[in-house]
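Worksheet for the structure shown next.
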Amino acid sequence: MSKVREIMETMEYGPAPESNAEVLAWLARTPAVGHWIDGAHVAQGPLSDVLNPATGAVLTTLHKAGPDQVEAAVQAARAAFPGWSALPGHARARHLYAIARAVQKRERFLSVLEAMDNGKTIRETRDIDIPLVARHFYHHAGWAELVETEFPGHAPVGVCGQIIPWNFPLLMLAWKVAPALAAGNTVVLKPADLTPLTAHALAEICVEVGLPPGVLNIVQGDGETGALVAGHPGVDKVAFTGSTEVGRTIRRQIAGSGKKLSLELGGKSPFIVFEDADLEAAVEGVVDAIWFNQGEVCCAGSRLLVQEGIAPRFYARLRERLETLRVGDPLDKCTDVGAVVSARQLQRIDGLIAQGQAEGGTLHRAAAQLPATGNFCAPGFFTDVAPASTVAQVEIFGPVAVAMTFRTPDEAVALANDTRYGLAASVWSENVTKAIDVAARVKAGVVWINATNIFDAGAAFGGMRESGFGREGGREGMGEYLVRRAEQGSERPAVTVSWDPAPVAQAVAQPASGGVDITARLWVGGKWARADGGQSASVRGADGAVLGQVAIGNRKDIRNAVEAAAKAGAWGGVTAHNRAQVLYFLAENLDQRRAEFAELLAASTGGDGAAEVEAAIRRLFWNAAQADKVDGTVRATKSAHVTLHINEPWGVMGVICPEEAPLLALVSLVAPALAMGNRVVCVPSQAHPLVAARFAQVCAVSDLPAGALNIVTGPRDALAKTLAEHDEVAALWYCGSAEGSAMVEAASAGNLKSTWVDRGRMRDWGAAQGADWLRRACQVKTLWLPYGA
Ligand code: NDP
């Protein structure tokens, strides 16, 4: 008789299929999936088949929404908005709570439906996707209850157009819909056409639990339908998850429309393994990082960076682990890797794998027996790839990682950041000091230490760089669906400013105190710089007299200023206390020269110069006071995890000042950016640029490190465009015209920088400070630290 040990060694898993009877019955009742508009099912539009990726079988058919259906859905959402937003938070909370309960009651049904529609395994839908969906609705039921007290002075944005991808269909719906509804918005959501079924099932649930008609509308269709939703003038906010390419298209499409936008895009996330890591745990980490969900995960740990000394051992362990992964029927509870979502996606993955091999990579792949039909892809990983190779740079979005080695922590960080993305990272080391140091230096919105792919409704999730902007989950996620209740400023009058080069010896009206620079130069890298074009323009005061000349900066000057700002990275690393001290010192030095500034301001604008200087000094003090008070948070998420939310500066910020309030507006915009540790390239008021040049003199004696603030005078929108297009600039604040705002938003699509534009509306500069200013001057990094002895 065999010994138990022998049985254990040879034992094969038997099939353990989950029953799909309930889903088959539902599909039989649902021969065509249409749209949910104003609480009713609307079966209109051309039909296409919905396929099961694991078998190729037709599950049902899908209507595609065109302009008429999108119009009807937006109108329904608009009509429902006043009632829904006026409900007390508690009433909205009860609706969300009811949805959460109903999802929980149907967990098994929804898990099977998701697995059949997407190809992902039942193990994942049952243990991850659907429980997280319920958790999101519960968590946001809480926010609905608390929104009035937790976000005083805020209002819902209005109608939200939400577009989601196919990789986590119901979970992405929950991430988008739950916060939007909690905040009091109404929604038009478009699921991916490859995976429309769980959204349809959820709409049925919403009707059943009595969600008021029109609060959640679902339009089915492909990218064309998505574009109709995003572009509809009745939509106030667009929330998109998907590829960086489509995110960029949407950014350009809605530029200048005033719509609020959040983008959760692609990634090529590093998975860094140090030689002092728990290697067995790290191997399991790779399973969860890249082989989970067939690698169709935006934050997949798809670039394995392994410290050189352990690389051979680690790769060997990975190869062994690959052989134990079971690829096949998603409904089998023993399956680890299910089917890729579509034949087209499989083709794309295969194409990239072939390219990786052609570029010299060595492919290690599971020798898994793949089912004869369906879109199955054996998991694997590449070694011998160069950091610049296609597979090391492009999102494969399949179960294949690339592995590279590094020697030192610095090299690990350099390799980790050698990507245009910045969504997530995972760091493996038993030395927590080193792990946190690396986590702090990696450009990523989410960093897991000794863990990967952990999510929670209370934790912010979202990217840096070309992985998009905005956060989902937690307090930050709620903020994306709220706007500050503020008076709409009046339209800024157009000011004609001549940037024609001035004759060399133009008469200058010197104010009584003297001291106005004859030609103010640019302030770049802590030095006075001549403009690249070598030309200057005359600046006229309120009475038309020439006050002086100012350098005409051009794109080359902006590039030099950005380079100087990029080199001044140390400013972000000094303590918040040090930054506060510098801002206080700036305020003191401005105070010393208040009479001279008041005189120049009065001569420039004809306004009350003394009052403006006083307000600017106070603004510097206020921001200095805040520098060390904009704290991060520690959240209660999963058990045995510390989840930190750390405010990080953007890096290099562009700041375009308005014509009015030349000193106060400049200080109001620049001070929060500096307080949070950013380096700034500022284009000052083009009507009154001499004030900024004078302010640079104050900076020069206030211990502000060279390059932390750079001032480039010149034609506003031309300089703004260069800043918007510059890849090194991570965030851009623009005050100017409506056209300029549209231009800035469109031109910023290149590196998907975060923008804040005023659409040509004046601000009340007397009140231009607050927590939201400081929050906009940084981005949140979510750091997950599991613990346990
Ligand atoms: P897309 O970005 O094209 O799709 C995401 C969603 O946007 C879908 O609902 C899609 O509709 C819709 N959409 C497509 N074009 C537009 C448009 N112009 N305006 C508005 N909405 C639009 O991703 P794909 O499905 O094409 O996948 C391509 C690649 O993108 C993948 O291989 C992967 O690399 C990456 N990806 C990344 C995701 C992430 O979470 N970061 C998620 C999905 C994909 P429909 O699908 O119905 O056509």
**Request:** Determine which lysines satisfy two conditions relative to Lys237: a Cα distance under 21 Å, and not lying fewer than 8 residues away in the same chain.
**Result:** Lys176, Lys190, Lys259, Lys260, Lys753
**Request:** Give the ranking of Glu264, Glu395, Glu588 by solvent-accessible surface, highest area first, calculated with a 1.4 Å probe.
**Result:** Glu588, Glu395, Glu264
**Chain lengthening between Val58 and Glu588 when straightened (0.36 nm per residue, less Cα-Cα)** = 183.5 nm
**Complete:** Carbon/sulfur accessible area of the chain, % of total, 1.4 Å probe, equals 53 percent
**Asked** Does region 673-751 come out rounded, prolate or oblate, given a ≥ b ≥ c as the square roots of the eigenvalues of its C-alpha gyration tensor, rounded meaning a/c under 1.5 and, failing that, prolate meaning a/b above b/c?
**Response** oblate
**Asked** By DSSP, what percent of the beta bridges with both residues in the chain are antiparallel, rounded to the nearest 5?
**Response** 40 percent
**Message:** From the phi angles alone, apply the Karplus equation (6.51, -1.76, 1.60; θ = phi - 60°) to region 627-633 and give each ³J(HN,Hα) in whole Hz, x where the residue is Gly or Pro.
**Reply:** 3, 9, 10, 7, 7, x, 9
**Request:** Determine how large the accessible area of Thr433 is when every protein chain is in place; take a 1.4 Å probe and give Å² rounded to the nearest 10.
**Result:** 100 Å²
**Fill in**
The answer for region 728-789, accessible area per residue at 1.4 Å probe in Å², is 35 Å²
**Message:** I'd like the Karplus ³J(HN,Hα) series for region 766-775: coefficients 6.51, -1.76, 1.60, θ = phi - 60°, whole numbers in Hz, and an x wherever there's a Gly or Pro.
**Reply:** x, 10, 7, 7, x, 4, 5, 5, 5, 5
**Request:** Starting with the highest mean, order 596-604, 360-368 by the number of other Cβ atoms within 10 Å, averaged over the residues of each peptide.
**Result:** 596-604, 360-368
**Item:** Rel. contact order, % - alpha carbon contacts under 8 angstrom, at least six apart, region 158-317
**Value:** 21 percent
**Asked** Please state the relative contact order of the chain as a whole percent: Cα pairs under 8 Å, 6+ residues apart?
**Response** 12 percent
**Asked** Ignoring ligands and nucleic acids, what accessible area does Glu145 show with a 1.4 Å probe (Å², nearest 10)?
**Response** 90 Å²
**Message:** Through the Karplus equation 6.51 cos²θ - 1.76 cosθ + 1.60, θ set to phi - 60°, convert the phi angles of region 585-597 into ³J(HN,Hα) values in whole Hz; use x for Gly and Pro.
**Reply:** 5, 4, 4, 4, 5, 5, 4, 4, 10, 4, 5, 5, 5
**Prompt:** Taking the Cβ-Cβ separation of Ala595 and Arg485 as r and a Förster radius of 51 Å, what is the calculated FRET efficiency to the nearest 0.05?
**Reply:** 0.85
**Prompt:** Using the heavy atoms of the protein chains alone and a 1.4 angstrom probe, what is the accessible area of region 192-323 per residue in square angstrom?
**Reply:** 28 Å²
**Message:** Probe of 1.4 angstrom, ligands and nucleic acids ignored: what's the accessible area per residue over region 541-628, in square angstrom?
**Reply:** 42 Å²
**Alpha-carbon centroid distance for the pair region 413-486 / region 751-789, whole angstrom** = 15 Å
**Asked** Which angle between 0 and 90 degrees, to the nearest 10, do you get for helix 311-323 versus the longest principal axis of the chain when only C-alpha atoms count?
**Response** 40 degrees
**Item:** Ala502 long-range amide H proximity, modeled H, under 5 Å
**Value:** Ser536, Ala537, Ser538
**Item:** Amide proton proximity set for His364, modelled H, under 5 Å, gap of 5+
**Value:** Phe381, Phe382, Thr383
**Message:** Given the options Gly632, Pro169, Thr496, identify the residue whose Cα lies farthest towards the positive end of the charge dipole of the chain (+1 on Cβ of Lys, Arg; -1 on Cβ of Asp, Glu).
**Reply:** Thr496
**Message:** Using +1 at the C-beta of Lys and Arg and -1 at the C-beta of Asp and Glu, which of His688, Val215, Gly477 has the Cα lying farthest in the positive direction of the dipole of the chain?
**Reply:** His688
**Arg365 paired with Ala43, simple spin-label distance in nm, labels 7 Å along Cα-to-beta-carbon** = 4.3 nm
**Complete:** Summing -39500 (n - 2.57) over every DSSP H run of at least 4 in the chain, dividing by its residue total and rounding to the nearest 500, the 222 nm mean residue ellipticity is -12000 deg cm²/dmol
**Net dipole in debye of region 671-741 [+1 Lys, Arg Cβ; -1 Asp, Glu Cβ; about Cα centre; nearest 20]** = 240 debye
**Request:** Answer rounded, prolate or oblate for the chain, using the Cα gyration tensor with square roots of eigenvalues a ≥ b ≥ c: rounded when a/c is under 1.5, else prolate when a/b is larger than b/c, else oblate.
**Result:** prolate
**Complete:** Expected sort for 767-778, 193-204, 661-672, 72-83 on mean C-beta neighbours within 10 Å, highest first, is 661-672, 193-204, 72-83, 767-778
**Asked** So who's got an amide H within less than 5 Å of the one on Val680, skipping anything under 5 residues away but keeping other chains? H placed 1.01 Å off N, in plane.
**Response** Met653, Leu709, Asn710
**Message:** At a threshold of 8 angstrom on Cα-Cα distance, excluding pairs fewer than six apart, so keeping six or more, what relative contact order does region 668-722 reach in percent?
**Reply:** 46 percent
**Message:** Tell me the angle of helix 89-105 to the major Cα principal axis of the chain, expressed in degrees between 0 and 90 and rounded to the nearest ten.
**Reply:** 30 degrees
**Message:** Along the charge dipole of region 1-102, pointing to its positive end and built from +1/-1 on Cβ of Lys, Arg, Asp and Glu, which listed residue (Pro17, Thr55, Val33) has its Cα farthest out?
**Reply:** Val33
**Message:** Apply the a/c threshold of 1.5 to the C-alpha gyration tensor of region 1-156 and tell me whether it is rounded, prolate or oblate.
**Reply:** oblate
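The values are calculated or read from the model by the stated rules, or taken from the named source; none is laboratory data. Everything numeric in this text was worked out from a predicted model, so none of it was measured. A quick note on method: Cβ atoms are made from the backbone with ideal geometry, for glycine too, and the neighbour counts reach across all protein chains shown. Side chains are part of the model used for accessible areas, which takes the heavy atoms of the whole protein and leaves out ligands, DNA and RNA. Shrake-Rupley method; radii C 1.70, N 1.55, O 1.52, S 1.80 Å.
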